[in-house]
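Notes for the one structure printed next.
The values are calculated or read from the model by the stated rules, or taken from the named source; none is laboratory data. Everything numeric here is computed off the predicted structure, so don't read it as measured data. Here the Cβ positions follow ideal geometry from the backbone for every residue, glycine too, while neighbour counts run over all protein chains shown.
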Amino acid sequence: MGGQSILLAKRYLYSPDSVDKNRMLEFWQDNVKHLINDEPEEWELPYYVISKEADRLGIKLSIIGELPKERRLIPVIDAAVSAQVGNTLKHTNGTTVTVAVSDKGDNYGIVLTNDGESLHGDIEPLGGLENLLREVENAGGLMEIEQAPDFALKISLTKGEDYVI
């Protein structure tokens with residue numbers, strides 16, 4: 001939003017008749033409201049990037065519960081959703097990834113599933129899942145891969161912004 005206001009103002013300075021003054025004023029008013037209220041723009045919200053990436057890939061994200069807002073957990077959960085979206089596309093022909101979040105007191109329980117075909121055989125955490133496992137453990141969490149009856153990625157993450165391993 002801020003960049004558009006500056007571009008409109010610059011264009012106005014060079015050629016005042018080429019800019020709709022009311023539109024320029026609306027942009028500036030919105031920016032001032034944003035600064036006063038300190039409300040984040042949509043692109044600043046946690047999980048925005050992975051949500052847009054899933055949309056772009058044709059995967060619907062279904063979020064049950066409230067995703068954690070702790071700054072140190074956001075990259076871990078982003079990585080988990082990204083891995084689930086990628087594996088849903090590559091291996092199951094699914095179209096929806098469900099992320100169920102539960103508050104378990106001192107930690108969050110996060111279960112990621114999809115609506116795709118069931119996988120057969122043992123799933124070893126290689127590649128993306130191996131990297132995700134490392135990220136979860138580095139954040140002080142646990143990750144479990146469940147295969148039956150359907151594939152599920154189960155993650156437990158300790159709450160608290162200041163948690164140190």
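Of the listed requirements (1) among the acidic types (Asp, Glu); (2) at negative phi; (3) modelled with pLDDT under 90, Asp38 misses just one: (2). Taken together, the residues in the range 1-19 that are more than 27 Å from the chain's Cα centre (by Cα), assigned to a loop (DSSP other than H, G, I, E, B) and either at pLDDT below 75 or surrounded by 11 or more Cβ atoms within 10 Å (Cβ to Cβ) (or both) amount to 1. A Cβ distance below 7 Å, combined with a sequence gap of six or more or placement on separate chains, defines the contacts here; from the range 62-80, residues that are more than 21 Å from Gly128 (Cα to Cα) reach residues that are of a type in the set (Asp, Glu) in the pairs Glu70/Glu161; Arg71/Glu161. Scanning the range 52-93 for residues that are over 18 Å from Gly116 (Cβ atoms), among the β-branched types (Val, Ile, Thr) and buried (at least 18 other Cβ atoms within 10 Å of the Cβ) turns up Val76, Ile77. Against the criterion of being over 15 Å from Ala152 (Cα atoms), among the basic types (Lys, Arg) and over 16 Å from the mean Cα position of the chain (by Cα), Lys69 does not qualify.
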